[in-house]
Amino acid sequence: MFGVSLEIWFVYGLIVLAVFLFVNKRISFDITSLILLAILVVSGILTPREGLSGFSNPATVTIACMFILSEGLRQTGALDIVGDYFFKLSKLNYRLAMFIIMLVIGVISAFINNTAAVAIFIPVLISLSRDLGESASKLLMPMSFAAMFGGVCTLIGTSTNLLVDSIATDNNLAGFTMFEFAPVGLIFFVVGFIYLFTFGINLIPERRKDESLTDTFEMQSYLTDVILQPHSPFVDTPLKNTKLIQDLDLDIVEVFDEDGESKPDRMNIELEANDILRIRGSVKELNKLLNREDVFIKPSKHWEDRDFEIGNAQLVESVVAPESSIEGKQLKDLQLWQKYEALVLAIRQQGELQKDNLQDIRLQSGTSILLYAKKERVNDIKTAEEFVLATEIELPEHESSKITVALGIIAGVVGFAALGILPIVATAICGVILMVLTGCLTNEEAYQSINWKVIFLLGGVLPLGIAMQKTGAAQLMVDVVITQFASLGPTAVLSAFFFMSMMLTNLISNQATAALLAPIAIEAASSIDVNAAPLLVAVTMAASLSFMTPIGYQTNTMIFGPGQYKFTDFVKVGTPLNLLFWIIGTFAIPYFWPF
């Protein structure tokens, strides 16, 4: 132990720091990755060329391209049409709906970015659950899990598969082919289906009831109509110039005349006697208003969604996207009214409804936001990278020819790579070029579709793997693992790597997990003189199958708010499934990839 070099201790310290920062999340994980990269280069452990190799890595380039290709399918409307078609097909009963949705999302996720597919289906499933009279939470979790099942079936189904494939080739090992993961992936798919349909379905809670948005967000407790008295000093004064709600945590949602007709451009119109102001705020803040101004509250009523379908406005639920640039920011910093003419009415964060001091709330991935917005601006919110829309909206018109082109491009990318004609990075780049040249995407849409946080994460953590191998830190870790498990045979070593990857990915990102463990798995295979492929498959499979927490995988984070889940819901449903996959993976992987 005392003979271990300072460089190795230094790298171990960086690994501990990385895991701490990834779990703590006080610093964005992409910034954490860049910090690691800078330390490795400045300390001299890596050369600048080695330090920057993560950005030129084929996996990083391919993953960036897959973001663009998935966006091409979304922009052309291909995913919308699929969602709409299966929505109609699934309206017969709950179990049929669950089966169809899991099958469809699983197949789609095998070939495109699964977060794009899940984003399309979230509003579809919430609407479908109302038609079926079921809780949306009973459909959203199976959908998220199915997206993970599908993702592990192909090389491009998840970024960790591409990442581990690249790490293998960088170490002069054979890479993986397009459908090489399919045998084990399909076993997980089938077992996952059976588990959710038999045992898991009884564990999934009925959190989100068959309710309107007004009920879901309990609007009765913070929304009311007040009437402006004839002798009020604010009569004949533009609303924006009054001190009606100054220094109060209140928002004017709408202004109506005494006949109940909505007044457009509410902030600039002159208030009149008996005008009705629809106000969002707590009882405490409303009482302050009543005590100081000439207004009185109308008799309370039960709010319904149609009460907010005023003119061209509507209620929509939006979710903070995983790894969004607005994560950690206060609501007031987003300027949603200036950007989208959208007013925030309530927030649901970590399962708790927030209705007071909204502007000071720091947003987290998976947070649900209730917005009141103009219909023509809702699609802008839907296409914004910061949000995932959880309310179904009328689909814009799409050119059917563009849909065919986009699907053809995806088929070409997959087909040429599967046949071994070109490597996946080459077909993906060609696919991106064709998406833009054929008009399926604009240049701007292509750049905006890339999740740059993921790209910088990869750019930073891949060099950490190089440093582990270069300094001998990976080999020392291997010696510890081998000491504990080698006497039990290579299957026990594989099982240990599967378990480590499975647990770590529930705490940090799946990409970071794969980048940290894959180099160690390669060294372990060399030490016990076995084929490295089964150990690498164990690492990538386990890293992509994170069911135990809402933060372990992006799709879980996306459904956390809309499904009104609690953290423990994922623990109860996901833990047995993860343990089941661990046992199956331990024996199935060596069968298809012999040692």
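Below, the figures for the structure above:
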item	result
Neighbour-count ranking [beta-carbon atoms within 10 angstrom, fewest first] of D165, D225, D333	D333, D225, D165
Order of L52, L213 under a 10 Å beta carbon neighbour criterion, fewest first	L52, L213
Inter-centroid distance (Cα atoms) of the stretch 321-377 relative to the stretch 503-517, Å	29 Å
Residue-averaged [θ]222 nm for the chain, counting only DSSP H segments that reach four residues, each worth -39500 (n - 2.57)	-17500 deg cm²/dmol
Mean Kyte hydropathy of 1.6 or more with a Cα span along the axis of at least 24 Å, helices from DSSP in the chain	6-24, 400-418
Simple spin-label estimate for D294 and Y12 in nanometres, 7 Å along Cα-Cβ	7.8 nm
Residue-span extension gain [V191 to D215] - 0.36 nm each, minus C-alpha spacing	5.0 nm
Inter-probe distance in nm under a simple model that places probes 7 Å from Cα toward Cβ, at S127 and E385	2.7 nm
Q484-L407 FRET efficiency (beta carbon distance; Förster radius 60 Å; 0.05 resolution)	0.75
Percentage of interatomic Cα-Cα distances in the stretch 213-303 larger than 20 Å	29 percent
Phi-based couplings in Hz for the stretch 324-335 (Karplus 6.51, -1.76, 1.60; Gly and Pro marked x)	6, 5, 8, 4, x, 8, 6, 4, 5, 6, 7, 6
Part-to-part distance (alpha-carbon centres) for the stretch 161-240 and the stretch 435-474, which is given in Å	24 Å
Dimensionless Rg ratio for the stretch 102-211, taking C-alpha atoms and the 2.2 N^0.38 Å reference	1.23
Whichever lysines have a C-alpha closer than 24 Å to that of K243, once near sequence neighbours (fewer than 8 apart) are set aside	K263, K284, K288, K298, K332, K355
Chain lengthening between D305 and K329 when straightened (0.36 nm per residue, less Cα-Cα)	5.8 nm
Solvent-free Debye scattering, log10 I(q)/I(0), computed from the Cα coordinates of the chain at q = 0.06, 0.10 Å⁻¹	-0.35, -0.88
Amide H contacts under 5 Å for A313, placed H, 5+ residues apart	K375
Net length gained if the chain between R362 and I269 were fully extended (0.36 nm per residue, minus Cα distance)	30.2 nm
Cα-projected label distance for F179 with K25, points at 7 Å along beta-carbon direction, nm	3.8 nm
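Here, each number is a calculation from the coordinates, and none is a lab measurement. This structure is a prediction, so every number in the text was calculated from the model and none was measured. Quick reminder, even Gly has a Cβ in these numbers, built from the backbone with ideal geometry, and neighbours come from all protein chains shown.
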